[in-house]
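Inspection log for the structure reproduced underneath, given as structure tokens.
The values are calculated or read from the model by the stated rules, or taken from the named source; none is laboratory data. All of these numbers come straight from a predicted model, not from anything done at the bench. Cβ placement follows ideal geometry from the backbone for every residue including glycine, while neighbour counts extend to all protein chains displayed. Quick note on the areas: whole protein, heavy atoms, side chains included, nothing else; ligands and nucleic acids left out. Shrake-Rupley method; radii C 1.70, N 1.55, O 1.52, S 1.80 Å.
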Protein chains: 2
Amino acid sequence: MAEGQGTESGQALLFLTDEQLRKGIEAMFFAYRAFTADPDRILTDMAYGRAHHRALHFINRSPGTTVTNLLAILNVTKQSLNRVLRTLIEDGLVESRVGTTDKRERHLYLTEAGAVLERQLSDAQRDRMRAAYRTAGPAAVAGFRQVLEAMMDDEARRQYDELKEPKG
Amino acid sequence: MAEGQGTESGQALLFLTDEQLRKGIEAMFFAYRAFTADPDRILTDMAYGRAHHRALHFINRSPGTTVTNLLAILNVTKQSLNRVLRTLIEDGLVESRVGTTDKRERHLYLTEAGAVLERQLSDAQRDRMRAAYRTAGPAAVAGFRQVLEAMMDDEARRQYDELKEPKG
DNA sequence: ACAATACGTCAGCCTTGTTGACATTCCAAG
DNA sequence: CTTGGAATGTCAACAAGGCTGACGTATTGT
């Protein structure tokens, strides 16, 4: 109750002190660091980085996605993505198939080995997320998601929503 | 209600599907990117990066803090921090005073110019946070903070809590 | 035939993380 | 008092992973 004034609809003006907002900012900073720490630990043991994790995650999420799709989601240059993708393909974690209808496109898939690593990484991340969700409870989880979604810019929210429904 | 089962206390076991957890993971990814986008834009216009922002933030937060303190909070090597601090000091944004009781220590303060930039950066970040808070409403904000805090590891939570009370 | 698209690559730059070596300062044990 | 170890901070060199710019190639669609 001491948090502010307003209705459940979230339309009323809230008094938000700089102090309250600063706490939110610092919570994001520390939580995000913890959020990435577990996969990072696994990755450094095998000469990969966070960029490889992101690629594996979204290829697993959308098997057969094209390089251009991935570029849009990750928001990096193709040179940057290519460096990561090349090592993953060379190491046999990702397969790149020439498109059937459009032969310019490359469709990306995880190999068996790629799926194993992806699972290992996302298991670690999910474990932490699950523990946090259980500690905070369902009502808090709903609020957590609401605030995060409200924080995204339109472009990010569009991409996020598209990923929401696996079978679109 | 469709989110899971459990009590407000957050102690009951929740059924959390991989799908629910994946959504949370992706929400963190996209939201954090948006969260850092505004300061990043300002910084690249002036040849600084996110590391400079972090240093300015925590020096502003705890004026007179030592290099070692800052190292513990930022979780980087002192060599990495030093490079950033050096440019900030050279550019007159941060002042480094030799400790009085222990001359090995350097106490860090923002200069006028440093405070101006810090304010500019945190204003941008606060604006986004405020908008998200207002959209989501106070109940969601409370849940947001609860989940983020539950996600931190013990070390991060300790640092976060220490920062909570400005005059602790 | 030609322009646009999708992808890959080379070269070179910047930020920001790393390790290793080193100087200074403090403190405590001899 | 001196001396050795611990704490603090600086310099040098390297790697990951962003970036821009330019270019080549295959394919598609007008």
Name the single residue that is nearest to the other protein chains (Cβ to nearest Cβ) among those in the range A:58-72 being open to solvent by 30 Å² or more (accessible area, probe 1.4 Å) and within 13 Å of DNA strand D (Cβ to nearest atom). A:72
Tell me which residues, restricted to the range A:73-93, are more than 10 Å from DNA strand C (Cβ to nearest atom), among the hydrophobic types (A, V, I, L, M, F, W, C) and away from chain B (no Cβ under 14 Å). A:84, A:88, A:93
Conditions (1) in contact (Cβ under 8 Å) with a residue 24 or more places away in the chain; (2) more than 16 Å from DNA strand C (Cβ to nearest atom); number of the one not met by residue A:139: (1)
Among the listed residues A:119, A:134, which satisfies the condition of being open to solvent by 50 Å² or more (accessible area, probe 1.4 Å), closer than 23 Å to residue B:153 by Cβ, more than 7 Å from every other protein chain (Cβ to nearest Cβ) and in a helix (DSSP H, G or I)? A:119
Which one is nearest to residue B:95 (Cα to Cα) among residues in the range B:137-149 that are among the hydrophobic types (A, V, I, L, M, F, W, C) and surrounded by fewer than 22 Cβ atoms within 10 Å (Cβ to Cβ)? B:142
With respect to residue A:126, determine if the residue is facing another protein chain (nearest Cβ under 7 Å) and not small (Gly, Ala, Ser). yes
If I go through the range A:68-107 residue by residue, how many of them are touching a residue at least 40 places away in the same chain (Cβ under 8 Å) and within 15 Å of residue A:53 (Cβ to Cβ)? 1
Kindly indicate whether any position in the range B:58-77 is of a type in the set (S, T, N, Q), touching an Asp or Glu at 6+ places or on another chain (Cβ under 9 Å) and assigned to a helix (DSSP H, G or I). yes
Scan A:51, A:47, A:55 and give me the residue that is modelled with pLDDT under 95 and not assigned by TED's automatic domain parsing to the domain that holds residue A:158. A:47
With A:86, A:126 as the choices, which residue is within 12 Å of DNA strand D (Cβ to nearest atom) and in a helix (DSSP H, G or I)? A:86
Which of the residues belonging to the range A:94-116 are polar (S, T, N, Q) and either open to solvent by 90 Å² or more (accessible area, probe 1.4 Å) or within 13 Å of DNA strand C (Cβ to nearest atom) (or both)? A:96, A:100, A:101
Counting only residues that are in a helix (DSSP H, G or I), closer than 22 Å to residue B:73 by Cα and open to solvent by 10 Å² or more (accessible area, probe 1.4 Å), how many does the range B:38-57 have? 7
